[in-house]
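The values are calculated or read from the model by the stated rules, or taken from the named source; none is laboratory data. This one's a predicted model, so the numbers in the text were calculated from it and none came from an experiment. Reconstructed Cβ throughout: ideal geometry from the backbone, glycine too, with neighbour counts over all protein chains shown.
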Amino acid sequence: MIRIDGKEVSKAIREKIKSEVAELGFSPGLGVVLVGDDPASQVYVRNKFKACETVGMTSFETKLPADVSPADLKKAIEDLNNNPEVHGFLVQLPLPKGFDTDEVLSWVDPKKDADGLTIENIGLFHAGQPRSIPCTPHGVIKMIKHYDFAIEGKNAVVIGRSQIVGWPMARLLMNENATVTVCHSRTQDLKSFTKQADIVVVAAGKPEFVDQSFFKEDTVVLDVGIHRKEGNGLVGDVKTEGCEGHLAGLSPVPGGVGPMTITMLLENTLRLARASH
Ligand code: NAD
């Protein structure tokens, strides 16, 4: 079984981004709006800024308290919309309880939408004219390709249909000419679908809820889930025991999809920076 190593794939792509940034003649700026003090979000933001530094991008952090008023949050977003040094930015999700996420995202200038979550960019993406490509599914596609697993003509199952992961994942797999089935919380007999699949992307957000028995031999499995284990460490949506020797490939947690998501954010920022000049 091949370990689909997101750190390894990221390294190669970040080198390329770094050299493209050096040729630009200016430093692309990535902004993050962090509302509240959720510890996991703080770690994600720190990792995004570290990644920026490694490729020569400049980061801009806007930290706001959890009880910030919608008007002040809107003002902070408009400041980033109007800052010429910021080429792309995102609002770190999830927002604290009480905020209307759709409304907050509607304040982001689509030309600076580094996550690709504004209505305009979702529309462009699904119309096949992407401006920003949703980072996590884009990273998954790059990982599959990096290890030369075939996608065209294969049966792919996506578990999860969220706007951020499952739904754009299905679209990207279709773009690569896979035959795609999307399973979700109301799917009956999930295993009957995954057992037919050559590629399974698991993004249900449930710790270790599928195991080796869900897959036929030589399936390629990408595990998007991230969960903190009681005590310490992280696990994904896939229980890994028994997968070695059964699957063709599996992405680990940590060190799989996570680093790739950040790398694809850098790629979106570079694309937005280029488009702005
Ligand atoms: P979400 O909660 O928005 O969506 C979960 C999806 O799973 C839903 O569409 C739901 O219908 C489906 N689902 C739930 N239970 C199911 C079941 N029993 N059978 C089949 N489908 C089921 O979550 P999300 O934002 O899409 O994220 C999914 C997971 O991926 C989470 O663990 C999240 O933390 C992780 N994530 C990781 C990264 C990364 O960079 N690695 C990025 C985004 C999300």
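Would you confirm whether or not the stretch 247-265 contains a residue that is away from the ligand (no atom under 16 Å from the Cβ) and either among the β-branched types (Val, Ile, Thr) or assigned to a strand (DSSP E or B) (or both)? Within the stretch 247-265, one or more residues are away from the ligand (no atom under 16 Å from the Cβ) and either among the β-branched types (Val, Ile, Thr) or assigned to a strand (DSSP E or B) (or both). Determine which member of the set Phe99, Phe26 is in contact (Cβ under 8 Å) with a residue 40 or more places away in the chain and closer than 21 Å to Gln163 by Cβ. Within the list Phe99, Phe26, the selection yields Phe99.
Conditions tested, residue by residue: (1) within 19 Å of the chain's Cα centre (by Cα); (2) of a type in the set (Val, Ile, Thr).
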residue: Asn83; (1), (2): no, no
residue: Asn121; (1), (2): yes, no
residue: Gly128; (1), (2): yes, no
residue: Ile133; (1), (2): yes, yes
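Residues that are farther than 15 Å from Ser251 by Cβ, more than 10 Å from the ligand (Cβ to nearest atom) and either in contact (Cβ under 8 Å) with a residue 40 or more places away in the chain or aromatic (Phe, Trp, Tyr) (or both) within the stretch 198-216 comprise Asp198, Phe214, listed in sequence order. Considering only the stretch 146-164, I want to know if a residue exists there that is more than 10 Å from the ligand (Cβ to nearest atom), surrounded by 17 or more Cβ atoms within 10 Å (Cβ to Cβ), part of a helix (DSSP H, G or I) and not aliphatic (A, V, I, L, M). There is at least one residue in the stretch 146-164 that is more than 10 Å from the ligand (Cβ to nearest atom), surrounded by 17 or more Cβ atoms within 10 Å (Cβ to Cβ), part of a helix (DSSP H, G or I) and not aliphatic (A, V, I, L, M).
Could you tell me whether any residue of the stretch 8-28 is within 30 Å of Ala248 (Cβ to Cβ), small (Gly, Ala, Ser), out of contact with any strand residue (DSSP E or B) (no Cβ under 7 Å at 6 or more places or on another chain) and not assigned by TED's automatic domain parsing to the domain that holds Pro94?
Looking for residues that are within 30 Å of Ala248 (Cβ to Cβ), small (Gly, Ala, Ser), out of contact with any strand residue (DSSP E or B) (no Cβ under 7 Å at 6 or more places or on another chain) and not assigned by TED's automatic domain parsing to the domain that holds Pro94, one finds at least one in the stretch 8-28, hence yes.
Checking each residue in the stretch 177-192 for being in a loop (DSSP other than H, G, I, E, B) and surrounded by 18 or more Cβ atoms within 10 Å (Cβ to Cβ) picks out only Ala178.
Of all the criteria given as (1) small (Gly, Ala, Ser); (2) free of Cβ contacts under 8 Å to residues at least 12 places away in the same chain; (3) outside any loop (DSSP other than H, G, I, E, B), the one not satisfied by Ala170 is (2).
Say whether the condition of being of a type in the set (Phe, Trp, Tyr), within 29 Å of Leu272 (Cα to Cα), out of contact with any Pro (no Cβ under 9 Å at 6 or more places or on another chain) and touching a residue at least 12 places away in the same chain (Cβ under 8 Å) is met by at least one residue in the stretch 118-139. Scanning the stretch 118-139 turns up no residue that is of a type in the set (Phe, Trp, Tyr), within 29 Å of Leu272 (Cα to Cα), out of contact with any Pro (no Cβ under 9 Å at 6 or more places or on another chain) and touching a residue at least 12 places away in the same chain (Cβ under 8 Å).
In the set Leu247, Leu265, only one residue is surrounded by 14 or more Cβ atoms within 10 Å (Cβ to Cβ) and more than 21 Å from the chain's Cα centre (by Cα); that residue is Leu247.
Quick grid of which residues meet (1) closer than 18 Å to Leu270 by Cβ; (2) modelled with pLDDT of 95 or more:
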{"position": "Gly29", "(1), (2)": "yes, yes"}
{"position": "Asp38", "(1), (2)": "no, no"}
{"position": "Val45", "(1), (2)": "no, yes"}
{"position": "Cys52", "(1), (2)": "yes, yes"}
{"position": "Val55", "(1), (2)": "yes, yes"}
{"position": "Val68", "(1), (2)": "no, yes"}
{"position": "Gly88", "(1), (2)": "yes, yes"}
{"position": "Phe99", "(1), (2)": "no, yes"}
